[in-house]
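Just below is one structure, and these are the notes that go with it.
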Ligand code: TMP
């Protein structure tokens, strides 16, 4: 049976979420819209939605095969993915293997500095506040997640890092950093959202060229080409 889109229940900067006839399932639709700096900068990356849908499908499937539970059910077509319904935890989990982006700015550490142990950070998912950095105690005290949920999230995020790093390394890509989102589904914590060049920093292992949304954020050009190359290396 074909899964049909019901009412749109949420529109984000890069995706739309629709109901389906099954109350336990949503359709996640990937748009070409690109934003940066909390939507102060806006643009379009041609066919980004199609590529992010495919890249996310491949990476969610890989993670499931390694025992990381995710919301992914199946890719329905070019831009739509069937996912399990989640009660989203309002925390963005960032893992960094190499210092870049906001951490480089905030701490004055040169971009490209490697760290021996991955750094895990939490940001409160709140556009009006520009997603501020928070710590574990804040997440627990404000009841965004329990201590036990946070332990699960931490160990899942580190496993995602190990799995993706090794998969990407074989494809000539350095996983610099990335952002994950988690949610609850029948009492279980599942990895949600998407994993793609919008939400990760990917550097080419040989040339150190950026192959992710930083090309759009920083006006580096060849944005579509970078997404296509990641799609080719990850999915083939
Ligand atoms: P940052 O260095 O700007 O904090 O970003 C860290 C990682 O998180 C990077 O891989 C890009 C990703 N990210 C998102 O997915 N969404 C966001 O809104 C931001 C700011 C970063």
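According to the Cα gyration tensor, what semi-axes, each the square root of 5 times an eigenvalue, does the equivalent ellipsoid of the chain have, listed from largest to smallest in whole Å?
25, 23, 18
Name all residues of region 93-119 having a backbone nitrogen under 14 Å from the label point set 7 Å from the Cα of residue 41 along its Cα→Cβ direction, giving them as ranges. Only 101-102 pass the distance filter. Only alpha carbons enter this Debye calculation for region 120-161, each as an equal point scatterer, and the log10 of I(q)/I(0) it gives at q = 0.14, 0.20, 0.22, 0.25 Å⁻¹ is -0.33, -0.65, -0.76, -0.91.
Modelling each spin label as a point 7 Å along the Cα-to-Cβ direction, I'd like the residue 158/residue 219 distance in nm, to one decimal. Output for this residue pair reads 4.2 nm. Calculated [222 nm] ellipticity per residue, helices only, for the chain: -9500 deg cm²/dmol; basis is -39500 (n - 2.57) per DSSP H run with n ≥ 4, divided by all residues, nearest 500. All Cα-Cα separations within region 125-236 were binned at 5 Å from zero, giving a P(r) of 2, 10, 17, 20, 17, 14, 11, 7, 2, each value a whole percent of the pairs. In the distance distribution for region 1-132, Cα-Cα pairs more than 26 Å apart total 35 percent. When the Gaussian network model of the chain links Cα atoms closer than 10 Å, the mean-square fluctuations of 117, 13, 54 top out at 117.
Each of the peptides 131-137, 195-201 was scored by the mean count of other Cβ atoms within 10 Å over its residues; in descending order, highest first, they stand as 195-201, 131-137.
Sorting 203, 144 by the number of Cβ atoms found within 10 Å of their own Cβ, with the fewest placed first, yields 144, 203. Note on region 193-236: Kirkwood hydrodynamic radius from all Cα pairs is 10.5 Å, rounded to one decimal. Multiplying the residue separation of residue 236 and residue 117 by 0.36 nm and subtracting their alpha-carbon distance yields 39.9 nm. Considering only alpha-carbon pairs that sit under 8 angstrom and 6 or more positions apart, the relative contact order computed for the chain is 18 percent. Region 59-104 and region 151-192 have Cα centres spaced 7 Å apart.
Every number in this text was worked out from the coordinates using simple rules, so none of it is lab data. Small disclaimer: the values here were computed from a predicted structure and weren't measured. Quick reminder, even Gly has a Cβ in these numbers, built from the backbone with ideal geometry, and neighbours come from all protein chains shown.
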